[in-house]
Structure formats: structure tokens, C-alpha cells
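Here the structure comes first, spelled out in C-alpha cells, and everything after it is commentary.
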Amino acid sequence: MLLIFVYIMEILSKSSRTGWMARVIFLSRIIQRWQQRQNIAHQESNHLSSHYQTIPSMPIIFQLLGLLSNMKGITTERIASACVLKLYNGGQIQMLNKSEPQQFSQYTAHFIADNNVNQQTQSCNYVTFLPMGEQAPLQRAEWIKYLGVFVNMEVRANQIYDAVRNNYMCLVQSAANKTKKFKPIVAWMEFFDGVWSFTVEEYKLKYIEDAGGENIDESINKVTYNISIGDDLEQLQAILCTIDVVIDGTLTADPLSYNASTFLQNLNVEDQSCFSFLSSQSLWRYDKRVSTDMALDWFDGAVSQPQLVLADLVEVFFPSGNYTTTYFRNLVKEEPAISIGPENCDRDSSIAMEPTIVICP
């Protein structure tokens, strides 16, 4: 598994550190046992490493608790948080070499999202942090409670999660009301090495269901289609002729240049006349927010605030024209990605950020 992120928290006073470290060690051990029972693994893609050496994740969850001023180290510049990038450029956050674990021993907590780290190199301040291992949107967001324990901010963490959950569930009900007239069939798919595949990741399928969509027919017993095989291509074309909305999750080293033409070239289907998702302009990607180093906010803000993803998908499935999506961009309409840099941080990083609550009709 890839090292997704490493964040280092500053040294506390000795008295504070004693209680804090007890919590760190205790909960880290709980998580390790939980991982063994559940066999948790990050499943964004088996071929993720072919495009990304590291996928940084979770600065927003720190911002929601007002902890950015406590963050002292990172192991990659590929981060989709404007405020973390601003602190790094200003020298308040250091770049550390993840291959030199002795650098991390001076800090109170070393948060990692890699359950394959060599146990012999770990010091007692290593804390496993795996929201991405969860396969339900709200369960991912709930990891803020876990982080809240370390900094004696359980009340704040619970308040944030409750606000996110309540907004999410309200949007679920709102979407359910819309399905009485129409329920779009949705294909969330990826292309890699000449093969298209329909997602089997539970959290993505859950998003589609919660937003009022219908996943592709479960009777389809094949999820991968090689475009160089004629029968596969014919079957894929037949399936896509039944689809109302396509979400293209193809991983790419350059999201900014990925467009509808890229999708069609990868698809390699000559007769596209039956593709209603093209005629209705409903071909999407979730890479609307991307840093200058090509880190997707999908792996950060979208994890800690799933209500924004759900609101996006409700608009995708039932367009109103009155809502601007946060994470999804329309390829047919040539909607560009938004570049995130340190100049986009316009807030005091020491102040806790409030979750974005979407108006729920």
C-alpha cells in the first residue's frame, strides 16, 4: 500500500505529552487490531502507483479542528490544501524524508496512512490514520472523532461529524423525493492499460444510491472490458447505450488536460449515437479541484466533507442549474479543473474551519 500522507504534530509540554501519548499509543493499538480483523486496505485503485507516488490526504480534517498550527512536518509537496501549502511555503511546516524515520521521533505524533510500514522502524509516536480504508462515505468522515481524541477535542469533533451527517442524510431524503419521477442509471468507470472497468468500490456505489441514482444492472457479471477484444468492445458499447450518467474515474498524471476527447479516445467506440449520456451532456470527472502539483482534493476535502460530494451528485443526476459543483466537472461542457495553490488560502490557519452545510430543500 502507498504511503498516503504523513503529518507531524509539534512537541507538547511534558505534562501534556504524557496524557496525549497514552491516548496515541492506546488508540493506535486499537486501530491495528481493528485492521487485522477487518482486513482494511486502501482500494482506490490497484494501479494507483503508476500515476502517483504519493496521494496526500486529510489536511482538511485537521483544519476542521483548528490544528494546522500544530502541524510541523510533511513528506510530500503533493497536497491539495491551499493553507497547508501556504504554511509550507512560509517555512512553518518542514519537508521530512520518510525514508529516515529517526527524524520523526522528536514529535508528539506521526500520523501515517500506510498499514504496511515496517514495524521495526516505527517508534511509539506512529499513529495509523485510515479514513480511506472505510467503504461508506459517512464512516470516512467519522474519523474526525478519532483525531479529536488526541487533542482533547472530542466535543468539537462530535459537533462537526453530527453537522456533516445531518446535512448528508437530509440530502439523501431530498434525492429520494426526486426519484419518484426519474432514477438515472449511472456507470462509474475507469480506464487502465487498455481495459475499462466498472467500479466495485462500495463507497462509490453508496454515493450513487444515496444521490438517487441506480448502479448498472447487477446481472452484468463482467466488470472489465478490453478494448482490443472485439466481443468486449461490443458488450461495453451495449451497456453504455443503457447509461444516463457516466463518471470517468480514470487516473491520470495530468488531470488538467483530461477532457471528453480523452474519454472517447480511450473508449475507442466508433458508433456513439446511442450514448444518451453524451447527448444529455452528462459525462463527469471528480478532479475539479486539483493542486499545482496534481494532488486531487477528492482524496482530502471530499473524504472529510462527504455532504459536498453528495450535493454534487444530486445536481449531476437531477440538474437544477442553481448549484455549482465542488468536486465534479462536466467534460462535455468543457468545464475546466480549478487549480489550488497557496495563494488560495484566505483564512487564518489557526482558527478552526466550519464544515460547509449545503442548503437542503
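The values are calculated or read from the model by the stated rules, or taken from the named source; none is laboratory data. Note that the structure is a prediction, hence the values are computed from the model and not measured. We place every Cβ from the backbone using ideal geometry, glycine too, and count neighbours over all the protein chains shown.
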Of the conditions (1) surrounded by fewer than 18 Cβ atoms within 10 Å (Cβ to Cβ); (2) farther than 25 Å from ILE216 by Cα; (3) in contact with an Asp or Glu (Cβ under 7 Å, 6 or more places away or on another chain), SER276 fails just one. Which one is it?
(2)
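Every residue, every condition in (1) in the same structural domain as TYR258 (by TED's automatic domain parsing); (2) of a type outside the set (D, E, K, R); (3) farther than 25 Å from GLY66 by Cα; (4) touching a Pro at 6+ places or on another chain (Cβ under 8 Å), yes or no:
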position	(1), (2), (3), (4)
LEU283	yes, yes, yes, no
ASP300	yes, no, no, yes
VAL314	yes, yes, yes, no
THR325	yes, yes, yes, no
ARG329	yes, no, yes, yes
GLU334	yes, no, yes, no
ILE340	yes, yes, no, no
ILE357	no, yes, no, no
Do you know which residues across region 148-194 are among the β-branched types (Val, Ile, Thr) and surrounded by 15 or more Cβ atoms within 10 Å (Cβ to Cβ)?
VAL149, VAL151, ILE160, VAL164, VAL172, THR179, ILE185, VAL186
Of the numbered conditions (1) of a type in the set (A, V, I, L, M); (2) surrounded by 15 or more Cβ atoms within 10 Å (Cβ to Cβ); (3) more than 18 Å from LEU205 (Cα to Cα), LEU308 fails exactly one; give the number of that condition.
(3)
Please find, within region 294-318, the residue that is nearest to the chain's Cα centre (by Cα) out of those that are closer than 15 Å to LYS183 by Cα and in contact (Cβ under 8 Å) with a residue 24 or more places away in the chain.
LEU313
Failed condition for LYS145, given (1) in the same structural domain as PHE328 (by TED's automatic domain parsing); (2) free of Cβ contacts under 8 Å to residues at least 40 places away in the same chain; (3) of a type in the set (Lys, Arg)
(1)
Which of the following residues is outside any loop (DSSP other than H, G, I, E, B), of a type in the set (Lys, Arg) and out of contact with any Leu (no Cβ under 6 Å at 6 or more places or on another chain): LYS222, LYS204?
LYS204
Please go through region 153-182 and give me each residue that is more than 16 Å from GLY212 (Cα to Cα) and either without any contact (Cβ under 8 Å) to a residue 12 or more places away in the chain or among the small types (Gly, Ala, Ser) (or both), ordered by number.
GLU154, VAL155, ALA157, GLN159, ASP162, ALA163, ASN166
Residues in region 208-223 that are farther than 13 Å from ALA187 by Cβ and surrounded by 13 or more Cβ atoms within 10 Å (Cβ to Cβ): how many?
4
Of the conditions (1) under 16 Å from VAL84 (Cβ atoms); (2) loosely packed, with under 14 Cβ neighbours inside 10 Å, SER320 satisfies every one except a single condition; which number is it?
(1)
Within region 325-361, track down each residue that is of a type in the set (D, E, K, R), loosely packed, with under 15 Cβ neighbours inside 10 Å and on the phi < 0 side of the Ramachandran plot.
LYS333, GLU343, ASP346, ARG347, ASP348, GLU354
Scan region 234-265 residue by residue and report those that are polar (S, T, N, Q), under 25 Å from GLU218 (Cα atoms) and buried (at least 17 other Cβ atoms within 10 Å of the Cβ).
GLN237, THR250
